[in-house]
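Everything on this sheet refers to the single structure shown next.
The values are calculated or read from the model by the stated rules, or taken from the named source; none is laboratory data. Every value quoted in this text rests on a predicted model; they were computed, and no experiment measured them. When we count neighbours, we look across all protein chains shown, and the Cβ atoms used for this are built from the backbone with ideal geometry, even at glycine.
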Amino acid sequence: MYLGDYIVIERQIAPLRFECCSVSTGTPFTAEVDEDKRHLFSDRTWIDRHPPACRFLRPDGGLFHCTIHRDSPAQCKFYRCVVMRVLGSTGEQAGTITGTLALHSEDPVLRAAYKEAMRDIKDTDPDAEERLQEFLISRGFEIQ
């Protein structure tokens with residue numbers, strides 16, 4: 001995951017509010033860290049070890065989250081990064097899930113489990129990634 005070249009923080013204007021610029025479009029925007037992700041944003045351990053990454057990206061368990069999702073520019077909302085690597089029962093990669101919750105896999109067992117999960121999970125649900133991860137784990141997959 002890498003968006004460090006796409007968002008520049010021009011200056012901090014409040015403890016969790018920033019004036020930013022979308023590099024690809026030159027469009028300025030103001031971003032405030034989402035209230036439900038402030039605990040993630042405050043932990044700088046990962047981001048300090050990955051300086052090229054987007055300054056607003058943070059890990060949480062096996063997932064990565066944009067901490068300014070509400071205010072993020074359009075290219076971030078459409079960015080198709082891999083948010084989950086799904087391993088089968090023998091530890092081989094069975095597929096990947098992107099930030100739009102799209103499955104990329106030829107594995108028939110994973111495809112069937114994904115189809116079953118997505119009957120009850122809307123990709124617009126705020127906890128959709130977590131619910132999908134939990135569902136796949138309950139079906140014997142490992143998530144990285």
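Details
- Helices (runs of 4 or more DSSP H) within the range 65-144 that include 1 or more residues among the acidic types (Asp, Glu) and under 27 Å from Cys20 (Cα atoms): 128-138
- Tally, over the range 116-142, of residues that are in contact (Cβ under 8 Å) with a residue 12 or more places away in the chain, surrounded by fewer than 18 Cβ atoms within 10 Å (Cβ to Cβ) and either under 14 Å from the mean Cα position of the chain (by Cα) or under 16 Å from Leu63 (Cα atoms) (or both): 7
- Figure legend. Inter-residue proximity from the range 92-115: first residues surrounded by 14 or more Cβ atoms within 10 Å (Cβ to Cβ), second residues of a type in the set (Asp, Glu) and modelled with pLDDT of 90 or more, beta-carbon distance below 6 Å, spacing 6+ or different chains. Indicated pairs: Ala94/Asp107; Gly95/Asp107.
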